[in-house]
Amino acid sequence: MLSRIILFRAFLVGILSLFLSFSSAGQSLIDFLKNQPEVKSIDTLQGPTFFSETYQISIRQPLNYKDTANGFFLQRIFVNHKAVDRPVVFITEGYAADYAALPNHVNELSSFLSANQICVEHRYFGQSVPAPINWQFLTVENAANDHHHIVQLFKKFYAGKWLNTGISKGGQTALFHRAFFPNDVDATVAYVAPLNFGVEDGRHEPFLQEVGPDSCRQRIHAFQRQVLQKRKQIIPLLNNYAKAHQFTFPMNLNEVLDYLVLEYAFSFWQWGSSCSDIPPADASAEDLFNYLTNISPPSYFSHEGAASFRAFFYQAAAELGYYGYDTSALKDWLVIQSTANYVNQYMIPPGSKPVYSAKSSNELADFLKHKAQNIWLIYGEHDPWTASGAAIRKRGNNHKIILENGDHKTRIRLLPEKKQLKVIKQLNQIMD
């Protein structure tokens, strides 16, 4: 009996090897792409030497999967080919994907798994913007369908297992894709991905009152107070800065300064700034301003700087949620009376009218609680987005990892060596 089982397994391996050799030798990736009617353009790129071929392609996608009569758009995708029988790392970018065209871009998971790499630019970002823009079709469900369509297309070519992944909003996108189409991929790695339940979720403000050492938080607050107390000296500097960068704002400069100061605390922790770099109590207005704008750039609140992120803020106001500001500790020095509803007031696309619904977030939370399988959630301890990090069940080989002192740049390669090697081993066991 044992010999029969061994012979049968050998037969299956032989059949699989024959299929793979026929697939790779009988049809190259470029020939496959040329034969797909939804692929509308193919450009060969100089890619990383880690891969053998790199292409930028565009795929015709429905604007609205519930009614294709609403039209179509072209979605930009980057395909880095290694081998037809290797796994596929499927990057669900949350924004534009210009970086994927760089000749040295290799996702860490592609390296860990010796995998093919497909990076999908998010709808309504970069070169994947429909014309005209109809904001009502920018939904997490339509984006998940975009990714499902692409997976189904490339599964006709690639024989290995699939893992989807993304960073921040891209991590959210990967989780939503997995929730809508759980069988599209075999595993998910979501980095620093929030799961918010309101346009101003409410968990970030208390987090900022507790994160890090007390002494550092005190220095942050003292710096914020210093800037506001030197408002008269700093406003002219802000005015000159705006003129030099040709920035205009949806509010007056005094209000801009208030928002920069409030945003500073969030940005400080998000990007892992150093407490030792905070200017001293006797710093000049120029030093205070230069430091402030380095951590909390005025472009964030400008018409010009926000232009490429309007689609994000529409999603934040409609489904993804965002964070608010706690003004209580600085109210005596602020000009603005309230920051409530600031996303809808200042950040969303002109003329759009998003109405927030937590339906998609609630459905994702339910999926992670009851149905999740082979999902890794990676967060940084000091990153404010960890305050609204997703909760996930332990059953089903799911893992939530928080890097001590980590920030929004947290990745698997930054984990302690023992933990890093464990995660890489786990992923290889799933994907082989």
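Bear in mind that the values in this text are calculations on the coordinates, not laboratory data. Treat the numbers as computed from the prediction; the structure is a model and nothing was measured. All Cβ positions, glycine included, derive from the backbone under ideal geometry; neighbour counts span all protein chains shown.
Brief remarks follow.
- Between 0 and 90 degrees, the angle of helix 169-180 with respect to the longest Cα principal axis of the chain falls at about 50 degrees.
- Among the cysteines of the chain, those whose beta-carbon sits 4.7 Å or more from every other cysteine beta-carbon are 119.
- Potential extension, residue 248-residue 42 segment - 0.36 nm per residue separation minus Cα distance: 70.3 nm
- Degrees, to the nearest 10: 285-295 long Cα axis against longest axis of the chain: 20 degrees
- Shown in residue order for region 332-348 are the 3J(HN,Hα) couplings computed by the Karplus curve 6.51 cos²θ - 1.76 cosθ + 1.60 at θ = phi - 60°: 5, 10, 8, 7, 5, 8, 7, 9, 4, 6, 5, 4, 5, 6, 10, 10, 6 Hz (x for Gly and Pro).
- Angstrom value of the Kirkwood radius, inverse mean 1/r, which spans all Cα pairs in region 294-428: 17.9 Å
- When region 204-347 is described by a simple charge dipole with +1 on each Lys and Arg Cβ and -1 on each Asp and Glu Cβ, the residue from 254, 345, 323 located farthest towards its positive end is 254.
- Among 145-155, 401-411, 260-270, 167-177, sorting by the average number of other beta carbon atoms lying within 10 angstrom of each residue, highest first, gives 167-177, 260-270, 145-155, 401-411.
- Likely footprinting exposure, 135, 271, 385, 376, fewest C-beta neighbours within 10 Å first: 271, 135, 376, 385
- Spin-label model, residue 225 to residue 108: label points 7 Å out along the Cα-to-beta-carbon direction sit 3.8 nm apart.
- Charge dipole (Cα centre; +1 on Lys/Arg Cβ, -1 on Asp/Glu Cβ; no other charges) of region 358-425 amounts to roughly 420 debye.
- From phi via Karplus (6.51, -1.76, 1.60), per-residue ³J(HN,Hα) for region 273-284 in Hz, x at Gly/Pro: 5, 9, 4, 5, 8, 5, x, x, 5, 9, 5, 6
- Tilt relative to the chain, helix 231-245 - C-alpha long axis, 0 to 90 degrees, to 10: 40 degrees
- Using Cβ point charges alone (K and R +1, D and E -1), the dipole size of region 204-347 about the Cα centre works out to roughly 300 debye.
- Computed extension gain for residue 397 through residue 85, at 0.36 nm per residue and net of the alpha carbon distance, reaches 109.9 nm.
- FRET efficiency for the pair residue 127 and residue 338, taken as 1/(1 + (r/R0)^6) with r the Cβ-Cβ distance and R0 = 45 Å, rounds to 0.75.
- Student exercise, the chain dipole from Lys, Arg, Asp, Glu Cβ charges, in Debye to nearest 20: 1280 debye
- When P(r) over Cα pairs in 10 Å bins from 0, in percent is computed from the coordinates, the matching label among (i) 4, 19, 25, 21, 15, 9, 5, 2, 1, 0, 0; (ii) 4, 20, 30, 23, 11, 5, 3, 2, 1, 0; (iii) 4, 19, 28, 25, 15, 6, 2, 1, 0 is (iii).
- Ranking 397, 63, 190 by Cα position along the charge dipole of the chain, where only Lys, Arg, Asp and Glu carry charges on their C-beta atoms, puts 397 farthest toward the positive end.
- CD proxy at 222 nm, helix term only [per DSSP H run n ≥ 4: -39500 (n - 2.57); per residue of the chain; nearest 500]: -12000 deg cm²/dmol
- For region 204-347, the spread of Cα positions along the three principal axes, ordered from largest to smallest, is 42, 35, 27 Å.
- Which of 297, 233, 333, positive extreme of dipole for region 204-347 (C-beta unit charges): 233
- By the beta-carbon count within 10 Å of each Cβ, the least crowded to most crowded order of 201, 383, 432, fewest first, is 432, 201, 383.
- Per-peptide average of other Cβ atoms within 10 Å, ordering 318-328, 415-425 highest first: 318-328, 415-425
- In Hz, Karplus ³J(HN,Hα) per residue of region 400-408 (6.51, -1.76, 1.60; θ = phi - 60°; x = Gly, Pro): 10, 10, 10, 6, 4, 6, x, 10, 6
- Cα-projected label distance for residue 34 with residue 152, points at 7 Å along beta-carbon direction, nm: 2.6 nm
- Applying a threshold of 28 Å to the alpha-carbon distances of 161/394; 156/359; 230/353; 66/156; 232/409 flags 156/359; 230/353; 232/409 as lying beyond it.
- As a rough footprinting exposure proxy, the listed residues 119, 216, 275 were ranked by other beta carbons within 10 Å of their own, and the order from fewest upward is 275, 216, 119.
- Paramagnetic reach from residue 404 (point 7 Å along Cα→Cβ, amide N under 18 Å) across region 184-219: 211-214
- Backbone N within region 65-85 under 20 Å of label point (7 Å from residue 50 Cα along the Cβ vector): 77-85
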